[in-house]
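First the structure, in the form of structure tokens, and then the observations on it.
The values are calculated or read from the model by the stated rules, or taken from the named source; none is laboratory data. Not measured: the values here are computed from a predicted model. FYI the Cβ positions are ideal-geometry reconstructions off the backbone, even for glycines, and counts take in every protein chain you see. When the accessible area is computed, the model is the full protein with side chains, heavy atoms only, and any ligands, DNA or RNA have been set aside. Shrake-Rupley method; radii C 1.70, N 1.55, O 1.52, S 1.80 Å.
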Amino acid sequence: MRILLLTHAFNSLTQRLGAELRERGHEISIEFDIADSVAEEAVALFGPDLIVAPYLRRAIPESIWKRHVCLVVHPGIVGDRGPSALDWALQEGAAAWGVTVLQAEAEMDAGPVWATAEFPLRAAKKSSVYRNEVTQAATTAVLSAVDKFAAGQSPTPLAAWPDARGRLRPLMKQGDRGIDWRHDDSATVLCKINAADGFPGVADSLFGQPCHIFDAWPEKVGAGGTAGEVVARRETALLRRTVDGAVWIGHVKRPDGIKLPATLAFAAEAVALPEAKLDAWWRVDHATWQDIAYEESAGVGFLHFEFYNGAMSTAQCRRLRAALAWAKQRPVKVLVLLGGADFWSNGIHLNVIEAASLDDGSPADESWNNINAMNDLALELIETGDQITVAALGGNAGAGGCFLARAADRVWVRDGVLQNPHYKNMGNLHGSEYWTYLLPRRVGAQGARDIMRNRQPLTARQAVAIGFSDACLAADPPAYRSEVARRAAELAAAPDIDAMLAAKRAQRARDEAKKPLAAYRAEELAHMRRNFYGFDPSYHVARHHFVRKSLASWTPRHLARHRDLGWKVSA
Ligand code: COA
């Protein structure tokens with residue numbers, strides 16, 4: 001079928017649905033929901049059999065839903081309606097939740113039901129539940145709805161649905177989210193911040209100044225001070241006392257500002273606090289916030305790096321490089337880089353770079369420092385001679401993060417994870433991270449050009465099919481983690497592991513003799529220097545719009561296929 005995805009943005013759910021539908025042979029094009037007239041034009045150009053709306057912030061115009069079947073993805077159980085579905089479910093501690101695919105009609109979220117899928121609701125950040133459980137359930141429900149539509153079946157009117165448990169809920173306002181630091185215990189504080197993460201955050205204040213807070217983590221060790229007081233700092237986060245303990249606050253947005261690591265948003269106040277530094281990379285056994293953590297079992301080292309949104313600042317890259325260099329000295333034959341639970345890496349930290357301009361600093365200089373720190377990290381990984389390295393992607397990766405993963409010997413990807421291996425969307429950025437060395441050796445020169453030019457997300461299965469990744473592992477996160485541990489232990493125990501390591505070192509030496517890594521880096525950085533310091537400001541403009549979340553005013557051409565010149569002729 002010809003399916004138009006009408007969406008507010010090309011977010012991870014839209015990317016996943018587009019890729020899954022394409023894999024099943026459907027012809028997909030995408031239009032951003034910018035204005036009724038633009039959506040009408042897209043429908044007229046593409047002539048879709050079906051319209052799917054994965055992520056909309058407003059109703060589909062009547063001129064469209066009256067003439068075409070439009071399937072709307074609602075992140076709630078059957079009967080649930082309203083714009084804060086997940087927020088209410090998380091804040092009220094629902095045990096299970098779901099996704100419903102409805103047919104668009106005049107009343108929002110009240111049309112007949114095509115399909116639904118439920119899941120146990122994790123006490124986690126809203127954005128994490130959205131990227132994992134909601135995306136998986138939405139994929140299941142949309143694929144089932146599309147099959148039913150193709151088979152000529154009809155949806156079930158909401159009133160006739162046998163066990164509709166949901167109801168109409170209002171928009172959750174800041175008044176519903178507010179934290180009472182003198183009474184709320186840590187669990188309540190975490191729950192409220194989780195229900196508001198990554199948008200809109202909880203309106204609060206720090207050091208007597210208003211801000212929105214995000215990214216909370218529990219702290220089990222007792223902290224001094226009185227409830228509500230900020231008592232310590234660690235790397236990017238601040239420790240704040242509650243009535244029964246304390247929580248770490250990782251990110252903050254000040255009025256008219258952008259979302260930043262808390263110790264950067266309140267830099268002057270943070271340095272005056274005591275530092276609760278962890279003195280080693282080993283995972284500490286009590287629950288605390290630890291962004292970089294190392295564990296070992298069965299001859300395998302596992303390195304976690306839980307960086308918010310997968311963004312890696314200069315300081316984070318340097319610390320991760322130090323942790324990797326340390327891990328390489330451990331007596332293990334296999335090192336697995338696990339990244340974070342939701343993202344493996346999304347490359348250089350665009351918000352921290354943008355913040356340099358707010359501080360009278362230079363975003364160009366900060367970009368330069370950040371890409372060099374990324375490259376140093378990639379180099380540390382490429383130059384690992386005594387271990388087989390594995391990048392295990394349990395969460396999505398984008399741009400430089402994707403290529404950093406290729407610096408490992410093996411890349412294993414959880415089924416359902418998306419990789420966006422391209423830079424050009426960020427103002428035509430050339431990219432570095434030794435991609436000009438790492439990518440062609442996996443997919444060939446032509447394959448590398450295609451990947452960079454197409455700018456499409458790759459599913460785990462597609463990535464394996466083209467040699468971009470080595471294995472697609474179980475979709476279910478606990479099953480995926482066991483599979484990673486089992487495969488890594490098998491690798492470490494392989495009778496030919498020393499021969500594998502010798503072959504790897506020999507290959508690296510041959511590659512180095514042919515063209516040194518320093519030459520790849522210098523060539524890439526010559527382009528990046530132009531991106532950062534040259535006369536064309538595209539990268540700075542694109543970054544500004546990305547971090548400020550400017551509304552799109554048009555759909556990029558590589559997504560809106562129906563807008564290609566001559567599309568009708570070839571269709
Ligand atoms: N730096 C800072 N923040 C980043 C980031 C980066 N490199 N990449 C993603 N984020 C943030 C987003 O702003 C968003 O923030 P929010 O919590 O305030 O909503 C969050 O991470 C999730 O990103 P989103 O775009 O919603 O996720 P997605 O899974 O739908 O899309 C990408 C993933 C990778 C396609 C998209 O995030 C992207 O293009 N990122 C930029 C990658 C890049 O150009 N890096 C620099 C070059 S190396």
Mind running the shape call on segment 129-168? Use the C-alpha gyration tensor, a ≥ b ≥ c as the square roots of the eigenvalues: rounded below 1.5 for a/c, prolate if a/b tops b/c, oblate otherwise.
-> oblate
Express the Stokes-Einstein translational diffusion coefficient of the chain in µm² s⁻¹, to the nearest whole number, given a Kirkwood radius over alpha-carbon pairs, 20 °C and a viscosity of 1.002 mPa s.
-> 85
Residues in segment 332-373 near a label at R529, defined as backbone nitrogen under 19 Å from the 7 Å Cα→Cβ point?
-> 362-373
Taking only protein heavy atoms into account and a 1.4 Å probe, give the accessible area per residue of segment 120-234 in Å².
-> 48
Which of the lysines could be linked to K66 by a straight reach, that is with a Cα gap under 25 Å, when you skip same-chain ones fewer than 8 residues away?
-> K148, K568
At 0.692 mPa s and 37 °C, Stokes diffusion of segment 284-438 via Kirkwood alpha-carbon radius, µm² per second = 209
Can you check how the C-alpha radius of gyration of segment 2-160 compares to 2.2 N^0.38 Å, as a plain ratio?
-> 0.98
Provide the percentage of antiparallel DSSP beta bridges, counting only those with both residues in the chain; round to the nearest 5.
-> 55
Amide H neighbours of H422 under 5 Å, at least 5 residues apart or on other chains, H built in the peptide plane: list them.
-> A399
Compute from the Cα atoms of segment 97-244 the Rg and the Dmax, the latter being the longest Cα-Cα distance, and quote both in angstrom.
-> 20.2, 65
Filter the GluC sites (Glu not before Pro) in segment 375-453 to those in DSSP coil with at most 15 other Cβ atoms within 10 Å of their Cβ, and list the result.
-> E383
Calculated diffusion of segment 292-536, Stokes-Einstein form, Kirkwood radius summed over Cα pairs, 20 °C and 1.002 mPa s, µm²/s | 118
Share of segment 292-536's accessible area from carbon and sulfur, percent, 1.4 Å?
-> 53
For D204, which sequence-distant residues (separation of 5 or more, or a different chain) have an amide H within less than 5 Å of its own amide H, given hydrogens modelled in the peptide plane?
-> C211, H212, I213
In Å³ per residue, the alpha-carbon convex hull of segment 346-417 encloses 80
T156-A499 FRET efficiency (beta carbon distance; Förster radius 51 Å; 0.05 resolution) | 0.25
Hey, got the Cα dimensions of segment 423-571 along the principal axes, in Å, largest first?
-> 57, 39, 37
For segment 178-270, what is the per residue volume of the convex hull drawn over the alpha-carbon atoms, in cubic angstrom?
-> 84
Listed by chain and number, the lysines with an alpha carbon less than 25 angstrom from that of K504, same-chain partners under 8 positions apart left out, are K328, K333, K514, K515
Rounded accessible area of H286 (nearest 10 Å², 1.4 Å probe) = 70
Please state, rounded to one decimal and in Å, the Kirkwood hydrodynamic radius that segment 171-215 gives when every pair of distinct Cα atoms enters the mean of 1/r.
-> 10.7
Rounded percent of accessible protein surface that carbon and sulfur make up, segment 2-160, 1.4 Å probe = 52
Within the chain, which is the longest segment containing none of the chymotrypsin sites (Phe, Trp or Tyr not before Pro) that sit in a DSSP loop and have at most 14 other Cβ atoms within 10 Å?
-> 208-534
With the Cα gyration tensor of segment 487-571 in hand, give its eigenvalues times 5 under a square root as the equivalent ellipsoid semi-axes, listed largest first in whole angstrom.
-> 43, 24, 17
Sequence-distant lysines (8 or more away, or on other chains) whose Cα lies within less than 19 Å of K125 | K173, K192, K220, K253, K259
So which trypsin sites (Lys or Arg not before Pro) in segment 122-187 pass both tests, a DSSP loop state and at most 15 other Cβ atoms within 10 Å of the Cβ?
-> R122, R165, R167, K173, R182
